[in-house]
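*Asks:* I'd like to ask you about the structure that follows.
Coordinate-derived values only; no laboratory data. None of these values were measured; they are calculated from a predicted model. So basically every Cβ, Gly included, is an ideal-geometry build from the backbone, and we count neighbours across all protein chains shown.
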Amino acid sequence: MSRIESFKRDLEAKKAVKIIAGIDNFDIENIKKVVKSAEQAGASAVDICADAEIVKEIRSMTEMPLFVSSIVPEELAKAVELGADAIELGNFDVLYKKGASFSKEDVLSLVKRTLEIIDEKVFFSVTVPGEISIADQIELARELEAMGIDLIQTEGHFSKEQAEGVRGLMERAELTLSNTIELSRNVEMPIMTATGINPTTAPFAFAAGASAIGCGSCINKMNSELSMLATAKQLVEIASKNAEKIAALV
């Protein structure tokens, strides 16, 4: 079984867990710790930045399904050449904090450009911006589905007015969960719920209709490898229990 096929299997079983090192995380030592924790915990995939040297180094250290995230089509194409098993157009979250903004048309344009320059078929995931209206999110998701995109990822909208700390994180998790519910009602393609997903909110993501969860700050912000591993294991266990519940209903 190929690396990406193992991820697809978890996706179909609605138990996929993607551990996100961060689109703007270029700290190779931190990334290695995140990848090691994800691998030892039995996560479905790991997601890293598109820096070519980092992609090469991480690819050499793990046989886990490797996602590479960027909003630059040329970087995504290069990542495929370097051994990425999947590409993620998005993880816009951190970019909002820098003043970036993405419309439905922006995303479609970037997706089309990426498809044009990638020579081979690769698993393609696209983040649906949490800042656009739910009507636009649904329309975008439907267009992506028609284009043959493999997976969409939801997110919570970032706002400078949101509360700090845990409260702010929960507010954003609530938004990404509601986006998941709306999108799961309107498309057949699998959905990954991200932003504010941790051992507390992960069960709600699956209940909202997600086939996968994307988990970043609850792991990559930790200083202890032991804590990273413990959290990753919790997330994998939650996902596995979801798959068991679904299997029992069949």
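*Asks:* Could you list the residues of region 79-121 with an amide nitrogen less than 15 Å from a label point located 7 Å from the Cα of Ser133 in the Cα-to-C-beta direction?
*Replies:* 103-105
*Asks:* Let me ask another. Suppose each label sits 7 Å from its Cα in the direction of the beta carbon; what would the Ile117-Lys233 distance come out to in nanometres?
*Replies:* Taking the simple label geometry, Ile117 and Lys233 are separated by 4.3 nm.
*Asks:* With a cap of 13 neighbouring Cβ atoms within 10 Å, and only residues DSSP puts in a loop, list the trypsin sites (Lys or Arg not before Pro) found in region 46-140. Write out the running numbers ahead of the final one.
*Replies:* Working: sites: Lys56, Arg59, Lys78, Lys97, Lys98, Lys104, Lys112, Arg113, Lys121; in loops: Lys97, Lys98, Lys121.
Here the trypsin sites (Lys or Arg not before Pro) that fit, given the DSSP loop and packing criteria, are Lys97, Lys98, Lys121.
*Asks:* Next question, about the same structure. Return the long-range amide H neighbours of Val68 (sequence gap of 5 or more, or a different chain), with a cut-off of under 5 Å between placed amide H atoms.
*Replies:* Counting only residues 5 or more places away or on other chains, the set is Ile48, Ala86, Ile87, Glu88.
*Asks:* Suppose a student asked you for the relative contact order of the chain, using Cα pairs under 8 Å spaced at least 6 residues apart; what percent would you report?
*Replies:* Details: 484 pairs, mean separation 53.5, N = 250.
Relative contact order of the chain: 21 percent.
*Asks:* For labels at Gln40 and Ala52 in the simple 7 Å Cα→Cβ model, what's the distance in nm?
*Replies:* The modelled label-to-label distance comes out at 3.3 nm.
*Asks:* Right, next: Using the alpha carbons of the chain, what is the convex hull volume per residue in cubic angstrom, as a whole number? Can you show the working numbers first?
*Replies:* Values: hull volume 29.2 nm³, N = 250.
Hull volume normalised by residue count: 117 Å³.
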